[in-house]
1. Taking residue 71 as the residue in question, decide whether it is touching a helix residue (DSSP H, G or I) at 6+ places or on another chain (Cβ under 6 Å), at pLDDT 80 or above and buried (at least 16 other Cβ atoms within 10 Å of the Cβ).
2. Just give me the residues in the range 79-100 being exposed (fewer than 13 other Cβ atoms within 10 Å of the Cβ) and touching a residue at least 24 places away in the same chain (Cβ under 8 Å), in sequence order.
(Lines give C-alpha, C1' and ligand atoms only; values in the text may rest on other atoms or scores of the structure.)
Protein backbone atom coordinates (compact mmCIF):
# COMPACT_ATOMS: atom_id res chain seq x y z
CA UNK A 1 0.00 0.00 0.00
CA UNK A 2 1.46 3.33 -0.88
CA UNK A 3 1.73 6.21 1.58
CA UNK A 4 -1.01 8.28 -0.10
CA UNK A 5 -3.63 5.58 0.22
CA UNK A 6 -2.64 4.94 3.84
CA UNK A 7 -2.99 8.65 4.61
CA UNK A 8 -6.44 8.82 2.98
CA UNK A 9 -7.61 5.72 4.84
CA UNK A 10 -6.23 7.11 8.11
CA UNK A 11 -7.98 10.41 7.57
CA UNK A 12 -11.22 8.59 6.69
CA UNK A 13 -10.96 6.47 9.84
CA UNK A 14 -10.35 9.59 11.92
CA UNK A 15 -13.34 11.34 10.35
CA UNK A 16 -15.63 8.35 10.97
CA UNK A 17 -14.45 8.14 14.60
CA UNK A 18 -15.04 11.88 15.09
CA UNK A 19 -18.56 11.69 13.61
CA UNK A 20 -19.40 8.64 15.75
CA UNK A 21 -18.10 10.34 18.89
CA UNK A 22 -20.14 13.45 18.07
CA UNK A 23 -23.30 11.37 17.57
CA UNK A 24 -22.78 9.46 20.81
CA UNK A 25 -22.07 12.66 22.76
CA UNK A 26 -25.14 14.35 21.27
CA UNK A 27 -27.33 11.39 22.12
CA UNK A 28 -26.03 11.27 25.68
CA UNK A 29 -26.59 15.01 26.11
CA UNK A 30 -30.16 14.69 24.82
CA UNK A 31 -30.85 11.73 27.14
CA UNK A 32 -29.48 13.65 30.13
CA UNK A 33 -31.63 16.68 29.27
CA UNK A 34 -34.73 14.47 28.94
CA UNK A 35 -33.98 12.78 32.26
CA UNK A 36 -33.50 16.13 34.01
CA UNK A 37 -36.79 17.40 32.56
CA UNK A 38 -38.63 14.25 33.72
CA UNK A 39 -37.18 14.52 37.22
CA UNK A 40 -38.26 18.16 37.45
CA UNK A 41 -41.74 17.31 36.14
CA UNK A 42 -42.14 14.50 38.69
CA UNK A 43 -40.97 16.84 41.49
CA UNK A 44 -43.42 19.57 40.54
CA UNK A 45 -46.25 17.11 40.04
CA UNK A 46 -45.55 15.52 43.43
CA UNK A 47 -45.66 18.87 45.23
CA UNK A 48 -49.02 19.76 43.71
CA UNK A 49 -50.45 16.35 44.44
CA UNK A 50 -49.23 16.40 48.01
CA UNK A 51 -51.03 19.69 48.68
CA UNK A 52 -54.23 18.47 47.00
CA UNK A 53 -54.23 15.13 48.80
CA UNK A 54 -53.40 16.73 52.15
CA UNK A 55 -56.27 19.20 51.82
CA UNK A 56 -58.74 16.52 50.80
CA UNK A 57 -57.77 14.06 53.54
CA UNK A 58 -57.84 16.88 56.09
CA UNK A 59 -61.35 17.95 55.06
CA UNK A 60 -62.62 14.36 54.91
CA UNK A 61 -61.11 13.61 58.32
CA UNK A 62 -62.78 16.70 59.76
CA UNK A 63 -66.15 15.45 58.55
CA UNK A 64 -65.41 11.98 59.90
CA UNK A 65 -64.40 13.37 63.28
CA UNK A 66 -67.55 15.47 63.48
CA UNK A 67 -69.59 12.38 62.78
CA UNK A 68 -67.70 10.20 65.25
CA UNK A 69 -67.96 12.96 67.88
CA UNK A 70 -71.70 12.41 67.94
CA UNK A 71 -72.51 15.15 65.49
CA UNK A 72 -76.17 14.90 66.36
CA UNK A 73 -75.59 15.54 70.07
CA UNK A 74 -72.60 17.86 70.42
CA UNK A 75 -72.72 19.53 67.03
CA UNK A 76 -75.47 20.85 64.84
CA UNK A 77 -76.28 19.16 61.55
CA UNK A 78 -75.49 22.55 59.96
CA UNK A 79 -71.89 22.25 61.20
CA UNK A 80 -71.66 18.86 59.54
CA UNK A 81 -73.07 20.28 56.30
CA UNK A 82 -70.52 23.15 56.45
CA UNK A 83 -67.67 20.66 56.85
CA UNK A 84 -68.94 18.72 53.84
CA UNK A 85 -69.05 21.99 51.91
CA UNK A 86 -65.37 22.55 52.70
CA UNK A 87 -64.71 19.04 51.44
CA UNK A 88 -66.27 20.01 48.09
CA UNK A 89 -63.53 22.58 47.51
CA UNK A 90 -60.79 20.08 48.31
CA UNK A 91 -62.40 17.32 46.26
CA UNK A 92 -61.88 19.15 42.96
CA UNK A 93 -58.17 19.64 43.66
CA UNK A 94 -57.72 15.97 44.56
CA UNK A 95 -59.54 14.71 41.47
CA UNK A 96 -57.61 16.99 39.13
CA UNK A 97 -54.30 15.91 40.68
CA UNK A 98 -55.03 12.31 39.66
CA UNK A 99 -54.37 9.53 38.97
CA UNK A 100 -57.78 8.23 37.97
CA UNK A 101 -58.08 5.58 40.70
CA UNK A 102 -57.53 8.23 43.38
CA UNK A 103 -60.01 10.54 41.66
CA UNK A 104 -62.59 7.73 41.77
CA UNK A 105 -61.91 7.12 45.47
CA UNK A 106 -62.22 10.85 46.21
CA UNK A 107 -65.54 10.93 44.38
CA UNK A 108 -66.82 7.91 46.31
CA UNK A 109 -65.83 9.58 49.60
CA UNK A 110 -67.48 12.83 48.54
CA UNK A 111 -70.72 11.08 47.67
CA UNK A 112 -70.73 9.15 50.94
CA UNK A 113 -70.13 12.26 53.02
CA UNK A 114 -72.80 14.16 51.09
CA UNK A 115 -75.24 11.35 51.76
CA UNK A 116 -74.30 11.41 55.44
CA UNK A 117 -74.84 15.18 55.61
CA UNK A 118 -78.31 14.80 54.07
CA UNK A 119 -79.11 12.03 56.53
CA UNK A 120 -77.83 14.20 59.40
CA UNK A 121 -80.29 16.92 58.46
CA UNK A 122 -83.19 14.44 58.20
CA UNK A 123 -85.09 14.16 61.49
CA UNK A 124 -86.51 10.79 60.37
CA UNK A 125 -83.40 8.87 59.39
CA UNK A 126 -82.43 5.24 59.45
CA UNK A 127 -79.48 4.83 61.80
CA UNK A 128 -78.62 1.53 60.09
CA UNK A 129 -78.35 3.30 56.74
CA UNK A 130 -76.23 6.05 58.28
CA UNK A 131 -73.89 3.46 59.82
CA UNK A 132 -73.55 1.54 56.55
CA UNK A 133 -72.76 4.67 54.56
CA UNK A 134 -70.35 5.84 57.28
CA UNK A 135 -68.46 2.52 57.34
CA UNK A 136 -67.99 2.50 53.56
CA UNK A 137 -67.03 6.15 53.45
CA UNK A 138 -64.55 5.99 56.32
CA UNK A 139 -62.92 2.90 54.82
CA UNK A 140 -62.65 4.88 51.56
CA UNK A 141 -60.77 7.65 53.39
CA UNK A 142 -58.27 5.09 54.67
CA UNK A 143 -57.86 3.58 51.17
CA UNK A 144 -57.43 7.06 49.67
CA UNK A 145 -54.72 7.93 52.20
CA UNK A 146 -52.83 4.66 51.59
CA UNK A 147 -53.04 5.01 47.81
CA UNK A 148 -52.01 8.69 47.98
CA UNK A 149 -48.86 7.61 49.85
CA UNK A 150 -48.06 5.18 47.04
CA UNK A 151 -48.56 7.84 44.38
CA UNK A 152 -46.39 10.33 46.24
CA UNK A 153 -43.65 7.73 46.73
CA UNK A 154 -43.51 6.98 43.00
CA UNK A 155 -40.37 8.66 41.68
CA UNK A 156 -41.11 7.83 38.06
CA UNK A 157 -38.38 5.23 37.71
CA UNK A 158 -40.61 2.15 37.77
CA UNK A 159 -41.39 0.56 34.45
CA UNK A 160 -45.03 -0.35 34.00
CA UNK A 161 -45.75 -3.71 32.43
CA UNK A 162 -48.50 -4.05 29.86
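The values are calculated or read from the model by the stated rules, or taken from the named source; none is laboratory data. Since this is a predicted model, take the numbers as computed values, not measurements. Quick reminder, even Gly has a Cβ in these numbers, built from the backbone with ideal geometry, and neighbours come from all protein chains shown.
1. Spelling it out, it is not the case that residue 71 is touching a helix residue (DSSP H, G or I) at 6+ places or on another chain (Cβ under 6 Å), at pLDDT 80 or above and buried (at least 16 other Cβ atoms within 10 Å of the Cβ).
2. Matches in the range 79-100: 89, 96, 99.
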